Structure formats: structure tokens, C-alpha cells
1. Put one equal scatterer on each alpha carbon of segment 107-244, apply the Debye formula with no solvent term, and list log10 I(q)/I(0) at q = 0.14, 0.15, 0.19 1/Å to two decimals.
2. If the cut-off is 26 Å between C-alpha atoms, which lysines fall inside it for Lys203, apart from same-chain ones fewer than 8 positions away?
3. Considering the dipole of segment 1-51 built from charges on the beta carbon (Lys and Arg +1, Asp and Glu -1) around the Cα centre, which of Leu43, Tyr33, Phe7 is farthest to its positive end?
4. Would you mind giving the average projected area, over all directions, of the Cα convex hull of segment 1-84 in nm² with one decimal?
5. Keeping the other protein chains in place, figure out the carbon and sulfur percent of the accessible area of segment 5-238, with a 1.4 Å probe.
6. Go through Tyr27, Tyr230 and list them by solvent-accessible area, largest first, probe radius 1.4 Å.
7. Between the alpha-carbon centers of segment 19-44 and segment 119-188, tell me the distance in whole angstrom.
8. Direction-averaged shadow area of the convex hull around the Cα atoms of the chain, nm²?
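The values are calculated or read from the model by the stated rules, or taken from the named source; none is laboratory data. All values derive from a computational prediction rather than experimental measurement. Glycine also receives a Cβ, built like all others from the backbone with ideal geometry; neighbour counts cover every protein chain displayed. Surface areas here come from the heavy atoms of the whole protein model, side chains and all, with no ligands, DNA or RNA. Shrake-Rupley method; radii C 1.70, N 1.55, O 1.52, S 1.80 Å.
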Amino acid sequence: MKRKWIFVTGGSRGIGAEIVRSASRNYDVVFTYKTSMIEAKALAEQLNNEPGNRVEAVHCDVSDVSQVEDVAQSLIQRYGPPYAVINNAGVAEDSLFSNLDEQALTHIFSQNVFSAFSVSRAFIGSMMGESDACIINISSVSGIKGNVGQSAYSATKAALIGMTRSLALEMSRFNMRVNSIAPGYIETDMTRHLKDSGTGLKKSIPLRRFGSTVEVASLVDYLLSEGAAYITGQTLVIDGGLTC
Ligand code: NDP
């Protein structure tokens, strides 16, 4: 039977790369990279060595609407509508509120929010005709609780949670599910500087450790599976108890 295909943004490193790795067991995967071309091509090549896998890395700056629309159109033409879109690409640019200027705000919103809107918008028309398509937005616990230096990042991640809820309501009549995942501290390049900053941070996490990319990818696998067919409009938190 022909496998369904899914689209993952920011699959070249970190959480996105693990989502690609894990999802490629059940789906054909197309993922984007922006700067990490070598890592992206190596990941696709490695996964394509497994029998039955079809994984493709495409260059796309997801904060650039015209690039997103070109990539989406060409993929829909070649492969038809995707089963799922996973908006994972994002940046964390911490800054105290007093240092935030318009340029910094516009930049982080275009990387973390406008990107998810334009990627979803580029695919959603084609997905409405499918019987069970879904969208997953990678938000953050920073969209639920505050963090010093993260007023902009928190606002972008809260925006994704709000978008998830409203879009889920709009898409429910097409039997399309829209959910988000809010990870706490996960071991990736994004948190490397925090990991080496002593034990204080880990003590603030009830499970006393950072999460792994594999743990986040497992949750994505679950949301993609038939077992999650009755879940929509939700934000699933995976944070070792940080927001308890
Ligand atoms: P990394 O910094 O490890 O990786 C970021 C990924 O996003 C890279 O693949 C990068 O691509 C891609 N990316 C960034 N901007 C763009 C863009 N404009 N266009 C295309 N791709 C882009 O981050 P993580 O894996 O840690 O984070 C992934 C997501 O999870 C983010 O949305 C982040 O906010 C969220 N998150 C992470 C947490 C953590 O603790 N790590 C906690 C909570 C949420 P490239 O390298 O090719 O440029």
C-alpha cells in the first residue's frame, strides 16, 4: 500500500531531525532546512538506506512566504496533499524586555509564528479534501508559563497555542485535527548553553533532567497515529513536570 507523506519544518537538527527519523518508519517524509544543508542531506541519505524509506530534504526558509508557497506547490504537484504538516522550525532569541526593539520582535514573530501560518496556509487547501489530515505545531512551555528574558519567545509560543485552538475548530468539519506540543527543556543545540550552567536549573524540573528529542518525537508519533484520532485543539505538555 502507498505510504502517506508528511511535511516537517526544521528537520535538519534537534527535535525536528528526531521527528523525521522516527516518522520515517511509517511515512514518507519531506523536511526543510535553512542553513544546515550538510546535516540535512546526511540525515536524508542515512534514512534512505533503510528499505522502504523515502525521505527528502528541501531548502526552505520558512519565514519567507514566497519560498514556502513555491515549495508547497511543487510538493503537492508531485506527491498530492500531505497527511500531516509539522511546524517545528523555530528560534529562541532571549532578550530582556527593555532591550527588545521592533526589528527583534518582527524577526522572532516571522521565524516562530508567521512561518507556521504560511506553511499551514500553503498546504491546508489540499489537505481539506483528505479524510484524516492533521497539523502539529511545536510550541513550548514558555507559551504557558513565563521566563525571564523570554517575553518575545513566550508570546510567539503562546500565539501558536491560540492558533492551534482556533484552527482546530475551523478544520474539524473536514475531520482535520490540529494540535500542539509544548516541550520543556529538551537537549538540543537550543539549550546547550543552559545544560552547562550548573545544577540549579535541573533542580527546578521535578524529574531532575532535560528531556530527549526521542521523547518529543514519540509524542509526535502518537499524535500522528490512529490512537489520537479523537484529539484536536489540544496542547500536550512534555516537560518533566516543570509546569505542575
Ligand atoms: P534547534 O536550534 O536545535 O534546531 C532548529 C531547527 O529549526 C533547525 O533545523 C533549523 O534549521 C530550523 N529553522 C530555524 N529557523 C528556520 C527557518 N527560518 N526556516 C527553516 N528552518 C528553520 O532547535 P530545537 O530542535 O531545540 O527546537 C525545535 C522547536 O522546538 C523550536 O520551535 C523550538 O522553539 C521548540 N522548543 C524547543 C525546546 C528545547 O528545549 N530545545 C523547548 C520547547 C520548544 P537550520 O539548522 O537548517 O537552519
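1. Treating every Cα as an identical point scatterer, log10 I(q)/I(0) equals -0.68, -0.77, -1.14.
2. Excluding near neighbours in sequence, the set is Lys145, Lys157, Lys195.
3. Phe7
4. On the way: hull surface 20.9 nm².
Quarter of the Cα hull surface area: 5.2 nm².
5. Working: 5870 of 11090 Å².
Carbon and sulfur together cover 53 percent of it.
6. Most to least solvent-accessible, the answer reads Tyr230, Tyr27.
7. Distance between centres, Cα-based: 20 Å.
8. Numbers: hull surface 53.5 nm².
The number I arrive at for the chain is 13.4 nm².
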